[in-house]
1. Please indicate, with yes or no, whether at least one residue in segment 41-49 is closer than 28 Å to Arg138 by Cα, hydroxyl-bearing (Ser, Thr, Tyr) and within 18 Å of the chain's Cα centre (by Cα).
2. Pick from Asn7, Asn85: which is closer than 25 Å to Gly128 by Cβ, modelled with pLDDT under 95 and buried (at least 18 other Cβ atoms within 10 Å of the Cβ)?
3. Considering only residues that are under 11 Å from the mean Cα position of the chain (by Cα) and of a type in the set (Phe, Trp, Tyr), look in segment 179-203 and name the one that is least open to solvent (accessible area, probe 1.4 Å).
4. Being assigned to a helix (DSSP H, G or I) and open to solvent by less than 10 Å² (accessible area, probe 1.4 Å) is the filter here, so list the residues in segment 295-320 that pass it.
5. Quick one: count up the residues across segment 85-126 that are in a helix (DSSP H, G or I), in contact with a Leu (Cβ under 8 Å, 6 or more places away or on another chain) and farther than 20 Å from Cys301 by Cα.
6. Of these, Ala57, Ala142, which one is under 29 Å from Ala250 (Cβ atoms), touching a residue at least 12 places away in the same chain (Cβ under 8 Å), assigned to a helix (DSSP H, G or I) and of a type in the set (Gly, Ala, Ser)?
7. Please tell me if Leu291 is farther than 30 Å from Trp171 by Cβ and among the hydrophobic types (A, V, I, L, M, F, W, C).
8. Got at least one residue in segment 141-151 being at positive phi and open to solvent by 20 Å² or more (accessible area, probe 1.4 Å)?
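The values are calculated or read from the model by the stated rules, or taken from the named source; none is laboratory data. As the structure is a prediction and not an experimental result, all values here were calculated from the model. Please note: Cβ atoms are built from the backbone with ideal geometry, for glycine as well, and neighbour counts cover all protein chains shown. SASA here: full protein model, heavy atoms, side chains in, ligands and nucleic acids out. Shrake-Rupley method; radii C 1.70, N 1.55, O 1.52, S 1.80 Å.
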Amino acid sequence: MALKIFNSFIDMTHSFRWGILATGNIATKFALGLQTLSDTTIQAVGSRNLPSAQSFADQFNIPNVHSSYEALAKDPEVDAIYVANPHPYHLESTLLCLENGKPVLCEKPMAINYAETQQMVNKAREKGLFMMEAMWTRFMPAIVELRKLLDSGIIGEVKMLTADFGFYSDWEPEHRRYNPDLAGGALLDVGIYPLAFAYMIFKNDPVHVSSFADIGETGVDEQSAYLLGYKNGAIARLSSSVRHQTAKEAQIHGTKGMIHVPLFWRADQLTIQLHDQEPETRHFPYESSGLQFEAIEAMNCIRNGELESKIMPLSETLRLAKLMDDFRAEWGMKYPGE
């Protein structure tokens, strides 16, 4: 059972007031998602660039505009903060928010490695504040239904998972995807999607792990593949890339059939194929960006005084970080300062 606290600073009579830290693409998608929720307001935005913060505030009608992350963290009218800057800066930004008494929903990956992730988890627990990695896929209606189907045993014992996430991006050595100083590479950028999916499906650490990476000119993985083996003999075959498009699909194979999830990272449908039966496709359309579902989970947890989500617990965030560290160690790939 998740630990609980009493969030005395949250007035339950008003709508939940979000602060958004940073103003990039993912922050925009989060704000668009929040606009679909009736009991939520975007109260504040913070950026290190005041014109950027003001432009974002004008777009979403945000009343409190801050020209620094510190000012946002100290805003008394904010109930929680969504940390949306690039992952090399998550540690500093999240610790700043926690030190100022703000619960945090932190964009994935939580940090660049296990040590930083553990530091953030320790601070959240020390302060008695909610924190969650923003693994938005896990809270989408199609994926919620997927977990129910698997728990029901509809496809029997799950024996294999295949999942991939790859897309084409221009090779720009200074861009965050390719720059080792910005913890670039396919693993942290998109590999975390199939890896987190495997943790959701199998609910355990793998007992066997192997991987391979194509290390590019800048010293980061431009594509990588991961093979995970589990105690019951189940296997996960996963891959990621920032150099070419892949199907971005997941297939879960069980002893009685399989479930196919197209575009699993932002799923809105799934197909159940049982042995000797016609396939059945179920659709789960959603409004806007889909990031509102992770916000709902965070708000519910905070309102209930919970320190972490049962669906995306901090223990799993730590295990994911450790697994990705192990992969990079296997490849001999380190980020500056590690």
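1. no
2. Matching residue, one of Asn7, Asn85: Asn7.
3. Phe197
4. Ala295, Ala298, Met299, Cys301, Ile302, Leu314, Thr317, Leu320
5. 8
6. Only one candidate qualifies: Ala142.
7. no
8. Looking for residues that are at positive phi and open to solvent by 20 Å² or more (accessible area, probe 1.4 Å), one finds none in segment 141-151, hence no.
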